[in-house]
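Note sheet for the following structure.
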Amino acid sequence: MSKQRVLTGITTSGAPHLGNYVGAIRPAVEASLSGEFDSFFFLADYHALIKCQDPDVVHQSTLEIAAAWLALGLDPETVTFYRQSDIPEIPELTWLLTCMTAKGLVNRAHAYKGAVQSNEENGDDADFGINMGLFSYPILMAADILMFNAHKIPVGRDQIQHIEMARDIAQRFNHHYGEHFVLPVAQVDNDMAVLQGLDGRKMSKSYGNTIPLFSTEKKLKKHINKIKTNLLEPGEPKNPDDSAVFQIWQAFATAEQTAEMRVEFANGIAWGEAKKQLFELINQQLDAPRAKYTELMANPAEVEAILLQGAEKARSQSTVLMSSLRQAVGLRRLV
Ligand code: TRP
């Protein structure tokens, strides 16, 4: 039996942060190293254009995110590691899927609905500032997944709906044109999959509350010190379950270290001390990858060569599937 396929992508619209690491990079690299899966990891640079229209940021972020994956142990020989925009079959498939997607389905996507709702709250036109990329985002994402017939999609909780939409779209396509696509399922690790940011909301570039994955030690410490806490004094018992400091601790600690920190909270550990320990825990895990990251960042040609090789590997599959899909929908030679 062939191995199950795992696929995930990261949008290249900013510097990689701890949320990307905990939610996507770490579980994906672990799964790939287990040898149990056939893994596809990619840089979602077409997705980046939806929100980020600064070319230099998209370009720089592509290098940073690629270097982060590689520094954190991704082995480009054993996985298929590529840049979305190197695979022209993805936008081509997006169109075929777009024509099989009910508009009503996409109307319900959270990212789009959230944007409409915030316009309404601000008294703006419902469509203010919303481009068609944001609206169609789940269809592009479905193409990413269906293009490689991936089974498991490790993502944060907020992305589950998109995987469900990819299933719906695949089902409709299969029903109409015959069985071409595997139906993907979301794989959400545990409560950790969505890491809290500095302000306690989901750590996300769009909220500006991220902790960068690979800054200097000094900057890492500074960011950790900015995590929002309440005003409880040292010695006063603290509730771990409403604390971003504890939640981030849990994402990096062993079960045993987490249990110990729970006790420390009950005993009234000072916020400064909890943050100091959190810094040490994270810093120790990121120290070695940081050195590798710095080396790759100084060597973009090496990263580029890896991505081009990955694209070749990916396209050896996407061109084959795409040509049978073109046949299936009636885009065929006349004779
Ligand atoms: N939308 C995902 C995010 O913002 C990134 C992404 C794009 C993705 N295409 C994907 C994730 C396909 C999994 C599979 O986190």
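Per-residue Cβ neighbour counts within 10 Å put 56, 199 in the sequence 56, 199, beginning with the fewest. Seen from all directions on average, the chain presents a Cα convex hull projection of 19.8 nm².
Extent of region 105-195 along its three principal axes (Cα atoms, max minus min coordinate, largest first): 45, 36, 15 Å.
Excluding same-chain neighbours fewer than eight residues apart, the lysines reachable from residue 152 by a Cα-Cα span under 30 Å are 3, 51, 103, 113, 202, 205, 292, 313.
Here 216, 101 are placed in order of increasing Cβ neighbour count within 10 Å, fewest first, which gives 216, 101. For region 1-54, the dipole from Cβ point charges (+1 on Lys and Arg, -1 on Asp and Glu) about the Cα centre works out to 80 debye, to the nearest 20.
For region 235-296, a crude dipole built from +1 on the beta carbon of Lys and Arg and -1 on the beta carbon of Asp and Glu, taken about the Cα centre, is about 180 debye to the nearest 20. Convex hull volume of the Cα atoms of region 214-294, normalised per residue: 80 Å³. When +1 charges are put on Lys and Arg Cβ atoms and -1 charges on Asp and Glu Cβ atoms, the dipole computed for the chain relative to its Cα centre reaches about 480 debye.
Taking R0 as 56 Å, what FRET efficiency do you get between residue 285 and residue 335 from their Cβ-Cβ distance, rounded to the nearest 0.05? So, using R0 = 56 Å, E works out to roughly 0.35. Listed by chain and number, the aspartates and glutamates whose alpha-carbon sits under 15 Å from that of residue 219, ignoring those within fewer than 8 places in the same chain, are 280, 287. Here is what passes the span test in the chain: the DSSP H helices with alpha carbon length of 15 Å or more along the helix axis and a Kyte-Doolittle mean of -1.0 or above are 55-71, 132-146, 160-177, 255-266, 271-297, 300-329.
Taken together, the values in this text are just the output of simple stated rules run on the coordinates, not laboratory data. Just so we're clear, the structure is a prediction, and the values are computed from it rather than from any experiment. Ideal geometry is used to build each Cβ from the backbone, glycine not excepted, and the neighbour counts take in all protein chains shown.
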